[in-house]
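Undergrad: Structure below; questions to follow.
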Amino acid sequence: SHSPLSPPGIKCGGVLSAPSGNFSSPNFPGLYPYETECTWLIVVAEGSSVLLSFSHFELEYHAACAYDYLQVYNGAARDRGNLLGTFCGHSPPPPFSSAWHVMAIIFRSDRHVAKRGFAAAYRKDACGGQLTGLSGEITSPRYPESYPNDAECRWSIGGTGSGGPLTLVFADFQVEGGQGCGFDYVALFDGPTAAAPRLGRYCGSTHPPRTVSSTPYLLVLFKSDFNIGGRGFKAHFYSAGECQEVFTTVKGNFSSPRYPSFYPNNLKCQWSIQLPPGYRVKVFFSDMELEGRSSLTGGCDYDYLAAFDGGAENGSLLGRWCGQENPSPVTSRSNQLLLVLHTDRNTAKRGFSIAYVGVVPMNVSCTRTDFHIQIPVQSLAQLERNRIYLGTPSCAAQVVGGNFKIHTRFDTCGTESQKRNNTSIIVSTLYINFSAGDQEDIHQYEVQCEPKRKEASVTLIAGPDTSRLSQAENLVDAQQREGGATDAREIKSQDTSDIIFISICILAGLLMLIAVVGLVLL
């Protein structure tokens with residue numbers, strides 16, 4: 001299976017399906033030929049992983065490996081989301097452990113400068129290895145079957161280039177217990193080797209705690225003795241910063257790893273927004289392009305972004321998206337919201353960009369003549385009272401007890417009356433100014449009252465970074481999306497009635513002009 005680039009007579013590449021094997025560049029240990037391209041595909045039994053290591057490595061050097069290079073893919077070749085690394089020069093690639101049962105290697109040489117090339121070996125189900133993705137999964141050998149005796153596995157995680165700390169979370173754990181974990185155990189180290197400080201040593205059936213490294217590396221060591229096993233363990237790791245973050249500020253934004261470039265495959269990333277009690281979280285989607293829906297089920301089965309109410313995936317699902325959707329904003333029912341990005345083993349896209357804002361807890365009521373607005377001071381503890389006002393800065397809040405209070409008549413504070421669905425309502429805008437330094441940040445809420453029923457409601461209208469121009473359409477959007485009282489059709493019908501009225505006037509004027517001209521001519 002030589003590629004069209006390879007000189008005639010050079011055989012290279014192919015499918016390697018034995019449980020273990022060796023391969024090398026053409027002519028190794030002699031010089032490799034010019035203008036050659038070879039692809040090896042390693043395919044082992046489903047459910048197994050591949051450990052790839054290099055015993056010799058010598059390619060032409062270039063800072064960006066643009067001349068001669070070797071590429072290693074975690075899965076099928078040429079999928080940008082699967083690329084584990086591109087290598088050249090004299091320093092060999094680290095041993096790689098695949099995230100599933102397929103691995104691809106591409107070797108390419110240009111028309112100048114040949115070296116001796118490389119020699120590589122692989123074997124299936126060898127435990128341990130180098131894991132460099134932004135996220136991934138580690139399991140004990142033969143999991144969920146009982147692990148073998150006398151096993152020793154080392155997984156060195158890190159070196160993604162993002163430089164952030166790593167988080168390790170155990171999804172399942174059952175290892176032979178014993179005093180001091182002397183028989184079978186999992187040990188975690190804060191660095192690439194066992195010489196680094198130890199973060200913990202675990203056995204038994206209690207899940208180890210979520211562990212965060214202080215360096216961009218983490219070593220997981222699993223050891224079993226000569227008898228008594230267990231189911232073993234399954235753990236996920238994330239590169240914090242790009243793939244796992246917790247937000248506690250009243251507003252913020254984030255995007256998928258490497259956005260707007262293609263996100264990596266095999267991700268499970270989590271962004272948790274945790275605001276003070278009483279707040280709700282409103283999320284705005286500014287861009288989204290993920291792998292599309294499954295043609296079989298019509299569902300988001302491959303890559304998807306999901307939002308959950310609360311801090312965990314067992315919370316109620318607020319939405320699940322994929323493809324090029326343009327989701328409406330979603331609002332949590334509690335003060336926490338979790339977003340999870342799941343990507344499968346192929347077909348990466350641009351990803352997403354998101355902004356969120358905390359919806360301030362407030363109590364709004366009205367009589368036939370007045371608005372009453374109350375916000376707990378602790379929700380806006382860092383703000384002066386003059387930063388909270390209705391309509392105009394002169395209508396600022398007062399501090400009464402533990403609350404900011406605004407009590408105002410309908411004929412003041414920029415209040416206006418409108419008709420919506422043939423009902424008269426009173427509308428005003430509440431401003432909360434979070435600006436700091438030269439960073440302007442004013443959140444706006446539409447407050448409305450139906451005086452006949454004495455019913456009041458409030459809606460966040462200008463969220464994060466929405467321009468002044470789009471306030472009006474935001475207002476309509478926000479209310480339609482949050483089940484407010486606005487009906488866009490009604491607003492449009494008022495506009496068209498005005499246009500028709502003006503058109504009739506113009507037409508009548510023209511007819512009169514024609515009549516006058518006609519009379520003069522007669």
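Undergrad: Near G89, within a Cβ-to-Cβ distance under 12 Å, what is the net charge of the other residues, with Lys and Arg +1 and Asp and Glu -1? Don't jump to the answer; show the numbers that get you there.
TA: Details: positive: K115; negative: E58, E60, D68.
My count for the surroundings of G89 gives -2.
Undergrad: Take the Cα coordinates of the chain, assign each an equal point scatterer, and use the Debye formula without solvent to give log10 I(q)/I(0) at q = 0.07, 0.10, 0.12, 0.13 Å⁻¹.
TA: So the normalised log intensities work out to -0.59, -0.92, -1.12, -1.23.
Undergrad: How many percent of all Cα-Cα pairs in segment 130-239 sit more than 25 Å apart?
TA: Taking all Cα-Cα pairs of segment 130-239, the fraction more than 25 Å apart is 15 percent.
Undergrad: Between helix 471-481 and the chain, what is the angle of the helix's C-alpha long axis to the longest principal axis, kept within 0 to 90° and rounded to the nearest 10?
TA: Once rounded, one gets 70 degrees.
Undergrad: Report the one residue of A18, G159, I42 whose Cα lies farthest in the direction of the positive end of the charge dipole of the chain (charges on C-beta: Lys and Arg +1, Asp and Glu -1; origin at the Cα centre).
TA: G159
Undergrad: So, one more: With the Cα gyration tensor of segment 308-454 in hand, convert its eigenvalues to equivalent ellipsoid semi-axes via √(5λ) and list them largest first in whole Å. Present the calculation step by step, with values, prior to reporting the outcome.
TA: Numbers: eigenvalues 258, 79, 47 Å².
The equivalent ellipsoid of segment 308-454 has semi-axes of 36, 20, 15 Å.
Undergrad: Go through V359, S328, T408 and say which Cα lies farthest out towards the positive end of the charge dipole of segment 305-450; charges sit on Cβ, +1 for Lys and Arg, -1 for Asp and Glu.
TA: S328
Undergrad: Turning to a different aspect of this structure: For K223, give me every one of the lysines with a C-alpha distance below 25 angstrom, ignoring sequence neighbours fewer than eight places off in its own chain.
TA: Candidates past the 8-residue exclusion: K124, K234.
Undergrad: Could I ask something else about it? How large is the charge dipole for the chain, taken about the Cα centre, if only the Cβ atoms of Lys, Arg (+1) and Asp, Glu (-1) carry charge, to the nearest 20 debye? Present the calculation step by step, with values, prior to reporting the outcome.
TA: Numbers: 42 positive and 47 negative charges, 76 e Å.
For this selection, approximately 360 debye.
Undergrad: In whole angstrom, note down how far apart the Cα centers of segment 87-143 and segment 312-343 are.
TA: Taking the Cα centre of each part, segment 87-143 and segment 312-343 sit 35 Å apart.
Undergrad: Once both axes come from the Cα atoms, what is the angle between helix 488-521 and the longest principal axis of the chain, in degrees from 0 to 90, rounded to 10?
TA: Rounded to the nearest ten degrees, it is 50.
Undergrad: Work the Kirkwood hydrodynamic radius out for segment 1-147: mean of 1/r over every pair of different alpha-carbon atoms, inverted, in Å.
TA: Working: mean 1/r = 0.0638 Å⁻¹.
Every distinct Cα pair counted, the radius reaches 15.7 Å.
Undergrad: Still on this structure: Please sort 127-137, 222-232, 70-80, 55-65 by packing, taking for each peptide the average over its residues of neighbouring beta carbons within 10 angstrom, highest first.
TA: Working: 127-137: 22.4, 222-232: 17.1, 70-80: 19.7, 55-65: 15.4.
Highest to lowest by the protection proxy: 127-137, 70-80, 222-232, 55-65.
Undergrad: Might you work out the accessible area of F183 for me, using a 1.4 Å probe with all protein chains in place, and round it to the nearest 10 Å²?
TA: Accessible surface of F183 is approximately 110 Å².
Undergrad: Limiting things to C-alpha atoms, what are the Rg and the maximum Cα-Cα separation (Dmax) for segment 122-190, in angstroms?
TA: Using the Cα atoms of segment 122-190, the pair Rg, Dmax is 13.6, 39 Å.
Undergrad: So if R0 is 51 Å, what FRET efficiency would R368 and S316 give, r being the distance between their Cβ atoms, rounded to the nearest 0.05?
TA: Values: r = 38 Å, r/R0 = 0.75.
That pair, R368 with S316, gives E of 0.85.
Undergrad: Give the dimensionless ratio obtained when the Cα radius of gyration of segment 247-359 is divided by 2.2 N^0.38 Å. It would help to have the intermediate numbers written out before the result.
TA: On the way: Rg = 13.6 Å, N = 113, 2.2 N^0.38 = 13.3 Å.
Compared with the compact-globule rule of thumb, segment 247-359 sits at 1.03.
Undergrad: Along the charge dipole of segment 130-239, pointing to its positive end and built from +1/-1 on Cβ of Lys, Arg, Asp and Glu, which listed residue (F237, Q179, S224) has its Cα farthest out?
TA: Of F237, Q179, S224, it is F237.
Undergrad: Excluding residues on the same chain fewer than 8 positions from K405, give the lysines whose Cα lies under 26 Å from its Cα.
TA: K251, K282, K452, K454
Undergrad: Same structure, new question: Which percent of Cα-Cα pairs in segment 13-84 sits in each 10 Å bin, short to long?
TA: Using 10 Å bins, I get a P(r) of 15, 48, 32, 6 for segment 13-84.
Undergrad: Next question, about the same structure. Need one number: nm distance between label points at E35 and K11, each 7 Å from Cα along Cα→Cβ, rounded to one decimal.
TA: Going by the 7 Å Cα→Cβ label model, 2.3 nm.
Undergrad: Another question, then. With each pseudo-label sitting 7 Å past Cα toward Cβ, what's the Q274-V516 distance in nm, one decimal?
TA: It works out to 7.7 nm between the two label points.
Undergrad: Roughly how many nanometres apart are two label points built 7 Å out from the Cα toward the Cβ at V246 and S417?
TA: Between V246 and S417, the label points sit 5.2 nm apart.
The values are calculated or read from the model by the stated rules, or taken from the named source; none is laboratory data. Just so it is clear, the structure is predicted and the values come from calculations on it, not from any experiment. Glycine also receives a Cβ, built like all others from the backbone with ideal geometry; neighbour counts cover every protein chain displayed. We work out accessible area using only protein heavy atoms, side chains counted, and drop any ligands, DNA or RNA first. Shrake-Rupley method; radii C 1.70, N 1.55, O 1.52, S 1.80 Å.
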